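In what follows, a structure is listed as structure tokens, so that the remarks can point back to it.
Read the figures in this text as sums done on the coordinates, not as results from a lab. All values derive from a computational prediction rather than experimental measurement. All Cβ positions, glycine included, derive from the backbone under ideal geometry; neighbour counts span all protein chains shown.
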Amino acid sequence: MIEQQLSILLVVLPLLAAPIIAVINRSSIAWAMTLSVTVCCLIMSVWMLSGVVDGSVIHYELGGWAPPWGIEYRIDTLNGLVALIVCGIAAATALYAKRSVEQEIPKHQIPMFYCAFLLCFLGLLGICLTGDIFNLFVFLEVSSLSSYALIAMGRNRKALTASFHYLVLGTLGATFFLIGVGLAYGATGTLNMADLSVRLPQAVDTHLVNTAFALIVVGVALKAAIYPLHLWLPNAYSFAPSVVSIFLSATATKVAIYVLIRCLFHVYSVEYVTNTLLPQLLIVMGGVAVLYGSMRAIGQTGMRKMLAYSSVAQIGYMIMGIGFLTEAGLTASLIHLFNHALMKAALFMAAGLFIYRANTATFENIKGLGREMPWTFAAMVIAALSLIGVPGTVGFVSKWQLLQAALEENHWPMVVIILVGSLLAIIYVWKLIEVLYFQPREKMRVTGVASGSENIGRSPISMAVTLWILALSCIYFGINTELSMDTAKSAVEILFAADGGQR
Amino acid sequence: MIEYILGHINYWIIIVLMMIGLYTMMSRPNLIKKMVGLSVFQTGVILLYISMAKVTGGTAPIVAEGFTTYSNPLPQVLMLTAIVVGVATTALGFALIVRIKEAYGTIEEDELEMMDNEE
């Protein structure tokens, strides 16, 4: 009973806090409120997930209107897991944010920054929790609009053009999604996702249903930065303020991939998807993304851009897992979703610390910085090893699962690509480690820091502690896989079982 | 054939409108023109929903004597939300363009790209 109320509180709490922060307009209060709201949401999402992990489903009817007429929040294991990822990363980012934001954002904009951050968080949570596909579109736009504003706050003026490109492409994607939703509504007369999944197979006009499917997939793929549609991602992540890159890299694309999974496996059925070109397309695009993203990552000269291209590659792994259309493949994708959020957040946090100290994260300027910041460097190495997939870290678990799924299907080319992708990851991670640790320290060319500033001397404890929490959880979830693995497995079982029930 | 085209005249107009928007967005280097294209494209979707909701001979969905067929009100309500979203997007886009003009001194995309690559 309480869990039911939690599902709506998760969205309402940040929605209330955001305007209050904007009205109070004091930066210290803004930060404290953001932190408390995100931590509350984290606790609630853990509570909620523990309620649904056994396979039960929480329903909440907004305003007491019964679905399919009213909007319904419908939480099963899959949503619960993704909501937990979003809340966890948001809480960690909020803890990390204080000092980093103070340095990177002009003082009078700080309250508005936290306001936009909470709105973005709320949008992503809403996407996870809602059971109504039009409501999902609205939340998608809430999170996108606030993330455009957040990205544009970066100090480099390139952040502005990056944000504008993201705005144009993101709106295009969302509009495609909207057309798809409209056509699906035209074919079935309902917007509730559970109801759609029942009515779509009965819909007579198959052209309409097929077109809706294509438009929804393309729209979501743009948001998820799936390989040929990834162009907005590298610049947006590398020129945004550090806190924003941490949050968006770990949550925004993951939530879009959740929407893709939800649409393919729940709204449309596995059976329907199998008969389309999409699975092969997803596998091929995933493979290309892994190779292309890794190659481009090797060629970069800045840490954040390298991490951004590595994200493109990692999204490739998830897409590949979805494309296999098997339980093992989807489980691997979901685990990778969880694991990649942890390690990419940790890596961007390390980049944020380097930026805090050296004011930039291009390789030229962070040479030898690892020796001066051994703790940050060590945590970064743990997360980077996880990115490669070294046993004992989270990256190994998900890659191992994905390899097994590929072997099960006898997809030998994909097996090779997964292994080659890991080798390429070793190259770019090594390049990073070499620059940070083995190259001689050059005289730091610090710009934009007032003389006598203590920034050069030490890293703020709050930032370092958060980084270590995430780095240690990379190891913890790599050894104790119960939480991520069991949850992902039960989520996948529910998706496939619901599908079997309809046939 | 003619009948097919005329019978679906709304949808043909919508397709033309959306393609004009999409083409403007892709082909014009001027950022404001890109935003105009985006708005036209979004307007096409609004028309699509409204056309879908129209029932031949239906009136506004208000219960009154003598009327039995009504147009579907739901897509119209949905489009109110979409219009709000569209306005917010356009406003944010223009705000960004203002900031870009202040930072770069131009809003032509090819010039922006040249300046970005020089750094």
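Listed values, structure above:
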quantity	calculated
Reference-scaled alpha-carbon Rg (2.2 N^0.38 Å with N residues) for chain A	0.93
Cα centroid separation - region A:380-440 against region A:155-194, whole Å	32
Relative contact order (%) - criterion: Cα under 8 Å, at least six apart; region: chain A	15
Sorted peptide list for A:400-410, A:335-345, criterion being average Cβ within 10 angstrom, highest first	A:335-345, A:400-410
Convex hull of region B:2-118 built on C-alpha atoms - directionally averaged projected area, nm²	9.7
Region A:304-352-region A:258-293 distance, computed between alpha-carbon centres (Å)	15
Cut-off under 5 Å, modelled amide H: who pairs with A:GLY302 long-range	A:PHE363
Principal axis dimensions, largest first and in whole angstrom, of region A:42-171 by Cα	47, 30, 22
Approximate shape of region A:109-256 as ellipsoid semi-axes (Cα gyration tensor, √5λ), whole Å, largest first	31, 16, 10
Candidate aspartates and glutamates for bridging to A:LYS254, where Cα separation is under 18 Å - those fewer than 8 sequence places away on the same chain excluded	A:ASP76, A:GLU141
Per-residue mean of C-beta atoms belonging to partner chains within 10 Å, peptide A:155-165	6
Using alpha carbons only: equivalent-ellipsoid semi-axes of region A:106-185, gyration tensor based, whole Å	27, 16, 6
Residue among B:ALA95, B:ALA103, B:ALA64 with the largest mean-square fluctuation in a Gaussian network model of chain B, springs linking Cα atoms under 10 Å	B:ALA64
Bins of 5 Å, starting at 0 and running to the largest distance - Cα pair percent for region A:1-111	2, 12, 19, 19, 16, 12, 9, 7, 3, 1
For chain A, calculated [θ]222 nm from helices alone, where every DSSP H run of n ≥ 4 adds -39500 (n - 2.57)	-25500 deg cm²/dmol
Charge dipole magnitude, Cβ of K and R +1, D and E -1 - region A:281-387, Cα centre, debye nearest 20	300
Whole-Hz couplings from phi, Karplus 6.51/-1.76/1.60, listed for region B:21-28; x for Gly and Pro	x, 4, 5, 4, 4, 7, 9, 8
Value of relative contact order over chain B, rounded to a whole percent, pairs C-alpha under 8 Å and six or more apart	23
